[in-house]
Structures are given as structure tokens and as C-alpha cells.
Amino acid sequence: MSVLLALALVAADPATSEPAAPPPESAAQEEPGAVDWAKEFGVAKKVPDPVTGELPVDPYTQAPANSGATPFAGARMAEAFGGQAGIRRIVGRFVDLNIADPRIADIFKNHDMIRLRRTLFEQFCYLLDAGCTYSGRDMKSSHKGLGVTRGNMNALVENLQRAMRESKVPFAAQNRLLAKLAPMDKDVVER
Amino acid sequence: MLNPSSGASARTRRRLAVAGAAVAAALLAGATPAQADPLLDGDKLILTNGIASIEGASGGGLASWSTIAGMETDRGIGLSAHVTGIALPDYGWESHGVAVGIRDRVELSYARQNFDTRKVGAALGLGEGFRFNQDIFGAKLRLIGDTVYGSPWLPQISIGVQHKRSLDGAIVRAVGAKSASGTDFSASATKLILSKSVLVNATARWTSANQFGLLGFGGPKGSARTLQFEGSLAYMLTSRLVVGGEVRTRPDNLGIAREDDAHDLFVAWAFDRHATVTAAYVDVGSVATFDGQRGALVSLQLAF
């Protein structure tokens with residue numbers, strides 16, 4: 001029964017069934033008598049942190065090793081990326097490109113983008129030895145259930161390359177960062 | 001690489017519908033996804049399909065690589081087509097071919113080589129402008145590894161087979177070849193070492209081909225296959241521009257003419273996601289007693 005219910009919901013999903021989907025804001029104005037699906041599914045509503053705006057996550061052990069690679073030593077890479085300001089700009093552009101990319105935009109729907117921008121900045125900043133530590137989850141648990149394919153991963157790489165290129169990061173330095181990220185594919189690609 | 005929160009907002013029906021789809025996917029556990037992937041997914045990273053080698057297999061131009069042709073990933077099918085021209089002091093070369101990549105795992109290729117002897121043809125008594133022609137049917141299987149991803153110490157490794165059929169059987173036997181057709185077996189390892197922006201390939205080929213098979217297979221100096229080496233070293237200038245060099249050793253079976261190792265220096269430019277143009281300086285040494293065959297190669301590849 002629940003499978004049929006879920007399939008019916010898929011069919012009713014405007015994001016997949018209608019090209020001109022209404023913006024989420026209008027969808028939030030639920031009509032009177034609407035079913036409280038959160039209650040039906042037993043989903044607890046998450047309340048954003050009043051200060052950071054991030055949604056709560058299940059507890060995990062914080063460790064820089066969760067970043068999935070060992071950081072560079074020395075200032076060269078951080079300089080190539082324009083320091084923390086440059087890394088923040090690149091990460092912001094990278095996330096913007098991803099959520100606008102029709103190949104992978106769906107993966108980011110319903111995700112806490114505030115937290116993503118923060119943890120991704122921390123990860124890059126940490127790996128580039130630009131004076132940060134990484135407080136996010138490890139690559140396997142942070143990508144669990146996203147259903148990322150090899151093609152999705154390639155789209156991410158292309159968007160990151162574009163963001164780095166637009167910020168004038170030398171190509172060899174771009175590749176040195178990608179060399180840290182490429183072996184993470186085993187934890188990111190799920191299907 | 002990414003750290004989206006798993007927090008599921010339950011504020012809108014639309015979002016819940018997505019959650020419902022996730023529940024359905026979890027319940028169906030591996031059954032057909034809500035949206036099927038396109039057959040020609042075209043999601044391979046640019047240039048990681050390689051460029052067509054002169055035998056039609058995906059590679060670096062002269063050498064076969066472990067790469068699989070086409071722009072598909074492990075969830076689709078890719079198609080590739082190429083045309084290559086080589087101008088040598090005494091000869092002309094034109095080849096063209098097609099390849100299919102299946103799930104970035106299997107490559108099936110076909111190429112036709114047309115080798116114009118120009119004035120040499122008259123000197124050899126074949127007639128001016130005589131052309132040696134050859135069909136090559138290839139298959140390649142990726143065993144393990146990935147050119148870009150995974151451990152930097154584990155290259156992408158493939159095995160390949162190429163069945164070559166000279167269309168000039170009587171003539172290639174007259175010059176001393178044992179057979180007009182032959183089959184090459186190969187094993188390749190390819191890795192893009194991102195930390196250095198360098199791509200390295202090494203291929204072992206077990207072959208008895210004379211001048212890639214255009215002059216048949218085997219001869220007075222040897223009729224069995226011997227192990228030959230193909231090496232490529234390339235540097236990535238941008239994600240779409242690569243320069244490199246290759247070396248390819250070859251058997252020397254024929255009595256009437258010496259055969260040398262082949263070399264090239266190339267630049268490959270993916271000017272579009274689906275199109276790569278390659279220009280190279282090629283040195284194939286002595287061909288049918290005419291030494292110093294060094295010239296220019298131009299190749300265009302379309303890939304989907």
C-alpha cells in the first residue's frame with residue numbers, strides 16, 4: 001500500500017510532472033483541509049537554528065579527518081585560491097552553479113544549503129591549509145542516500161572547475177585540489 | 001565533497017512528494033528509478049574518452065589507451081566517430097571509423113585505413129597511387145580502475161583485441177607477409193595524475209602486424225606475434241587542451257624492408273563537449289624502403 005501511495009505522490013509531484021512548477025513559496029500556502037503529510041509519515045519538523053539558520057543534524061563525531069583527505073602544507077595552495085576570501089567566493093559560485101545545473105539540481109532540493117555552504121567552505125579551506133578546521137560529517141555519511149551517479153560526480157567536477165577558473169585559480173593548482181577530492185568518489189557515488 | 005544536511009523539511013506538499021519518492025525508492029530497493037537515465041547520457045568528463053587511435057580504438061592517436069570511447073558513463077551508451085589524415089613525404093594516409101562505448105565498460109570499434117603509395121607505388125611496380133586498405137575490428141574491456149577517480153595509484157586497466165584484415169592479400173603476400181589478416185591482443189593502463197596534471201599510458205601489444213597490418217602479418221624474419229610497447233605522456237594545459245608525446249615499438253618481420261618504431265608529438269583540443277581536433281607531428285621511420293617518413297597528422301573526433 002505505501003508503495004502505491006508513494007507512487008501516487010510521485011505522479012502528483014509538480015517538479016517532475018509539470019514543466020512550469022509553481023515556486024515553493026506558493027506551495028507553502030496549503031489549502032484548508034490539506035493532509036498533514038509530516039504527521040502521516042511521522043516526520044519530525046526541524047526548526048532552523050535562530051542564529052545560524054542551519055537545520056539540526058543527527059549527532060556525529062567532529063574531526064578534521066572527516067574532510068576525507070590530508071591537507072596541503074604551506075601557503076602556496078591557499079594563495080593560489082585567494083585565501084579565505086577567495087575560497088568563500090569559489091565555494092559560493094560552485095554551490096550556485098550546482099543548484100542551477102539541470103543535471104544535478106534535484107540532488108540539492110530539500111537540503112540545508114546554509115550548512116552546505118559552511119561545511120564545504122570549511123572543507124576546502126582546511127584542505128588548502130588556509131587556516132580553518134573542518135567540522136562537517138565524513139564524505140560517506142554526508143552523501144548517504146543522495147543517489148549520486150558517476151555522471152552527477154562529473155557534473156560537480158565541471159562546475160567546480162568553472163568556479164575555480166572564474167576566480168583565476170591556475171589550472172595546475174585546480175588539479176592539485178581535484179587530486180585530493182577525486183579519491184572520495186567511492187564515498188560519494190552510490191549508483 | 002559536498003555536505004548537504006539530511007534534514008527533511010516537511011513544510012510543503014511538494015517536498016513531501018519528493019520524500020515520498022525517496023520512500024518508494026527505498027522500498028523498491030534497486031528497482032526502476034522514477035526517472036530513467038537517457039541512453040546517451042553524455043556525462044563523461046571531457047577528453048577522458050581519449051582520442052581515436054589510428055586503429056579506431058580510443059587512445060592517444062598512435063597508442064591505444066585503456067579509455068572507453070564515447071561520452072557515456074557507467075549508466076549509458078556512447079558513440080564516437082573520427083576521421084584522420086596523415087601527410088608523409090612519400091605517402092598519404094586516410095582513416096576513419098566509429099566506436100561504441102557501453103557503460104564505460106566495453107568498447108567496440110571499427111576503422112578503415114587507406115594508405116596511398118603515391119609515386120612509391122610506381123617504383124614498387126604497383127602503379128602510381130596504389131592504395132593499401134585495411135579493415136580493423138576492435139573490442140576492449142575495462143577491467144578495473146578509473147582514469148580520473150579512485151586511488152591515484154590504481155590506473156584504469158583494459159584488455160583489447162583488434163582483428164585486422166588487409167584488403168590486398170595477394171600483394172601483401174607477394175612482399176613476404178605470411179598472412180593478410182591477423183589479430184592483435186593488448187593490455188593498457190592509463191591514469192591522469194591530477195596532482196601533476198599529467199596523463200600516463202602504457203600498453204603492451206602482442207602482434208605480428210607489418211606497418212600496423214597494412215603490409216600483412218608475419219614474414220621471413222618472424223611469423224609469430226611479439227610483445228610490443230606503446231607509451232604516452234601528456235600534460236593538461238586546460239580541461240580542454242592537452243599536449244603530449246607517444247612512442248610505439250613495432251615488429252620487423254619483412255625481409256624486403258626495415259620497419260622502425262613510431263613516435264608522435266600531439267596537441268588535442270576539445271573545442272566542444274562533443275568534438276576534439278588533434279594535430280600531431282608523426283615519425284614512422286622507414287616504410288617499404290623509403291626512409292624518414294615524418295609528417296603531420298590531423299584528426300577530428302565527434303563523440304556523444
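The figures follow:
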read-out: Scope segment A:56-100; condition over 16 Å from A:ARG117 (Cβ atoms) and among the acidic types (Asp, Glu); matching residues; value: A:ASP58, A:GLU79
read-out: Residue list for segment A:172-191, restricted to those being within 17 Å of the chain's Cα centre (by Cα) and either among the charged types (D, E, K, R) or modelled with pLDDT under 95 (or both); value: A:ASP185, A:LYS186, A:ASP187, A:GLU190
read-out: Enumeration of residues in segment B:102-125 that are modelled with pLDDT under 95, in a loop (DSSP other than H, G, I, E, B) and surrounded by fewer than 16 Cβ atoms within 10 Å (Cβ to Cβ); value: B:GLY125
read-out: Evaluation of B:THR84 against (1) within 23 Å of B:ILE144 (Cα to Cα); (2) crowded, with 24+ Cβ neighbours inside 10 Å (one fails), failing number; value: (1)
read-out: Residue, farthest from the other protein chains (Cβ to nearest Cβ), within segment A:138-152, restricted to residues that are over 17 Å from B:ARG75 (Cβ atoms) and of a type in the set (Ser, Thr, Tyr); value: A:SER141
read-out: Residues located in segment A:31-78, provided they are loosely packed, with under 10 Cβ neighbours inside 10 Å, under 22 Å from A:ASP138 (Cα atoms) and of a type outside the set (A, V, I, L, M, F, W, C); value: A:ASP58, A:PRO59, A:THR61
read-out: Options B:VAL198, B:VAL287, B:VAL267; residue that is in contact (Cβ under 8 Å) with a residue 24 or more places away in the chain and either in contact with a Gly (Cβ under 6 Å, 6 or more places away or on another chain) or crowded, with 22+ Cβ neighbours inside 10 Å (or both); value: B:VAL287
read-out: Yes/no for A:ILE99 being among the β-branched types (Val, Ile, Thr) and more than 8 Å from every other protein chain (Cβ to nearest Cβ); value: yes
read-out: Selection status of A:LYS144, part of a loop (DSSP other than H, G, I, E, B), among the charged types (D, E, K, R) and open to solvent by 20 Å² or more (accessible area, probe 1.4 Å); value: yes
read-out: Single match in A:ASP187, A:ASP129 (criterion: at positive phi and of a type outside the set (A, V, I, L, M, F, W, C)); value: A:ASP129
read-out: Residues within segment A:76-121 that are closer than 26 Å to A:ASP58 by Cβ, touching a residue at least 24 places away in the same chain (Cβ under 8 Å) and not β-branched (Val, Ile, Thr), tallied; value: 10
read-out: Test: residue in segment A:108-124 that is over 22 Å from B:LYS44 (Cα atoms), touching a Leu at 6+ places or on another chain (Cβ under 6 Å) and of a type outside the set (A, V, I, L, M); value: yes
read-out: Number of the exception - B:TRP93 against (1) part of a loop (DSSP other than H, G, I, E, B); (2) under 28 Å from B:PHE229 (Cβ atoms); (3) of a type in the set (A, V, I, L, M, F, W, C); value: (1)
read-out: Residue pairs meeting the criteria (Cβ under 6 Å; at least 6 apart or on separate chains; first within 14 Å of chain A (Cβ to nearest Cβ), in segment B:238-257; second open to solvent by less than 10 Å² (accessible area, probe 1.4 Å)); value: B:ARG240/B:ALA270; B:VAL242/B:ALA234; B:VAL242/B:ALA268
read-out: B:ILE51, sole failed condition from (1) farther than 18 Å from B:GLY245 by Cα; (2) in contact (Cβ under 8 Å) with a residue 60 or more places away in the chain; value: (1)
read-out: Residue selected from segment B:152-170 under the condition more than 15 Å from B:GLN113 (Cβ to Cβ), in contact with a Lys or Arg (Cβ under 9 Å, 6 or more places away or on another chain) and not in a strand (DSSP E or B), by the criterion least open to solvent (accessible area, probe 1.4 Å); value: B:PRO155
read-out: Any hit, segment A:110-120, residues being open to solvent by 30 Å² or more (accessible area, probe 1.4 Å), facing chain B (nearest Cβ under 8 Å) and either modelled with pLDDT of 95 or more or assigned to a helix (DSSP H, G or I) (or both); value: yes
read-out: Unmet requirement for B:GLU128, which otherwise passes all of (1) away from chain A (no Cβ under 14 Å); (2) outside any strand (DSSP E or B); (3) touching a residue at least 60 places away in the same chain (Cβ under 8 Å); value: (3)
read-out: A:ASP58 vs. criteria free of Cβ contacts under 8 Å to residues at least 60 places away in the same chain and more than 8 Å from chain B (Cβ to nearest Cβ); value: no
read-out: Residue among A:ARG176, A:ARG150, A:ARG165, A:ARG191 that alone is over 22 Å from B:ILE193 (Cβ atoms) and open to solvent by 10 Å² or more (accessible area, probe 1.4 Å); value: A:ARG191
read-out: Selected residue [open to solvent by 30 Å² or more (accessible area, probe 1.4 Å), at pLDDT 50 or above, in a loop (DSSP other than H, G, I, E, B) and more than 7 Å from every other protein chain (Cβ to nearest Cβ)] from B:ASP43, B:ASP37, B:ASP74; value: B:ASP37
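The values are calculated or read from the model by the stated rules, or taken from the named source; none is laboratory data. As the structure is a computational prediction, the values presented were derived from the model and not from experiment. Cβ sites come from the backbone with ideal geometry, for glycine too, and all protein chains shown count toward neighbours. Protein only, heavy atoms only, side chains kept; ligands, DNA and RNA dropped before computing areas. Shrake-Rupley method; radii C 1.70, N 1.55, O 1.52, S 1.80 Å.
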